[in-house]
1. Amide H to amide H under 5 Å from V374: which residues, 5+ apart in sequence or cross-chain, H placed 1.01 Å off N in plane?
2. In angstroms, what radius of gyration and Dmax does the stretch 91-176 have, counting Cα atoms only?
3. Whole number please: convex hull volume per residue, Cα atoms of the stretch 291-350, in Å³.
4. Along the positive direction of the dipole of the chain (beta-carbon charges: Lys, Arg +1; Asp, Glu -1; about the Cα centre), which of Y191, Y179, W138 reaches farthest?
5. How much of the calculated P(r) for the stretch 238-375 lies past 17 Å, in percent of all Cα pairs?
6. How would the stretch 158-314 be classified by its alpha-carbon gyration tensor: rounded, prolate or oblate, with rounded meaning a/c under 1.5 and the a/b versus b/c comparison settling the rest?
7. For the stretch 164-224, what is the accessible area per residue in Å², given a 1.4 Å probe and the full set of protein chains?
8. With runs of 4+ DSSP H residues as the only contributors, calculate the mean residue ellipticity of the chain at 222 nm using -39,500 (n - 2.57) per run, divided by the residue total and rounded to the nearest 500.
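The values are calculated or read from the model by the stated rules, or taken from the named source; none is laboratory data. Since we're looking at a predicted model, the values are computed, not measured. Positions of Cβ are generated from backbone atoms using ideal geometry, with glycine treated the same way; all protein chains shown enter the neighbour counts. Just so you know, the surface numbers come from the protein's heavy atoms only, side chains and all, with ligands and any DNA or RNA stripped out. Shrake-Rupley method; radii C 1.70, N 1.55, O 1.52, S 1.80 Å.
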Amino acid sequence: MKRIFQLTMILCAMMITSSCTQSGKNKAMVTKETYGTHKGKEVFLFTLTNKEGNVLKLTNFGARITWIEVPDRSGKKENVTFGFDTFEGMLRGDPYFGAVVGRYANRIAKGKFTLDGVEYTLPLNNGPNSLHGGPGGWHSSVWDAEIVERTEFPTVKFTWHSPDMEEGYPGNMHVETVYTWSDKNEIVIDYKCTTDKKTVLNITNHAYFNLHGAGNGDILDHELVIKAARFVAVDSTLIPTGELREVAGTPFDFTTPAKVGARIGEDYDQIKHGKGYDHTFVLDNKEEVDCSLYEPVSGRLMEVISDQPGVQFYSGNFLNGSRIGYGGKPFIHRSGLCLETGHFPDSPNHPDFPTTILNPGETFTSKTVYRFSVK
Ligand code: BGC
């Protein structure tokens, strides 16, 4: 009895509960528990429950989304994002699942760029190129974390101080990522960055989605819309050639709903380079919703809203079943897809692309919304 009491006390001490609004069906809340330790810092798991009783889980390791539990058409709830049963599994697993990626999401050619005549050299971790901020990028940082009190919806704020020359990038950068889980099942992500030296920045979230439920088959039957008339053409190492190609008449036309798998096997240069879709689409930014993803069996719909110039659609081409996720289920080929909002790859080497330069005294802010519903 005494032992049970002690254990209960320990568990209570590990868990800080913060309640938000209490009216409505359920009590919206955030709980925090210890998940592990890494690089000498404590790693936490945050569970955000909205008034509908739907659950979003986050961790300060890489400021990650690890769990999104939303209902299907009949009300059956399932987690629709990739993650692992334990923190140890996460450390062994794919480095980017659900993570905030920076300083520079996607590739920089040959790991080199020049600012004001100074050439910067980055670690190469993807063939000849530098990918996702290098091996020690923000996906691997243990961010500071706080539950934001007195908000309308459950909210957690992650903060990272990225030191000058971290992974080769100049400037001390202060980075904030705030996640809000609304009662309309919207994950609202607010980014904010400042620097003390001229630098480059491309921040995104790298969640993988499967609206059947993570681990339940592939995403080839998902119907996708991307409001983009052009996409960024790439070479065989997935570096932009400089061409912004029209999607019309190509397997890249998602301006009206198309199944992900319908044209993924076509004999088309860009499909071959990506081994499927692994391309940035140039968002038209004319309508509120930039992308929508619909899975007809469950009826789940995910809409993506962004203020950024592009979205990287990655169809999980490099997943090969070797990594094991929740419930012992392997991440098989194309079992998840990403819609990563942000700038174009390798922009620091393409002066004609929208700029990714951030100067001292400027504040970069950006918002991305992933909204879940059924139809
Ligand atoms: C890239 C892929 C890469 C993947 C890693 C995506 O953003 O475009 O090429 O394999 O991230 O998870």
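1. L301
2. 15.1, 48
3. Each residue corresponds to 123 Å³ of Cα convex hull volume.
4. Y179
5. Values: 6348 of 9453 pairs.
So the portion of pairs separated by more than 17 Å is 67 percent.
6. oblate
7. Values: 1610 Å² over 61 residues.
Ligands and nucleic acids excluded, the figure is 26 Å² per residue.
8. Counting only the DSSP helices, I get -2000 deg cm²/dmol.
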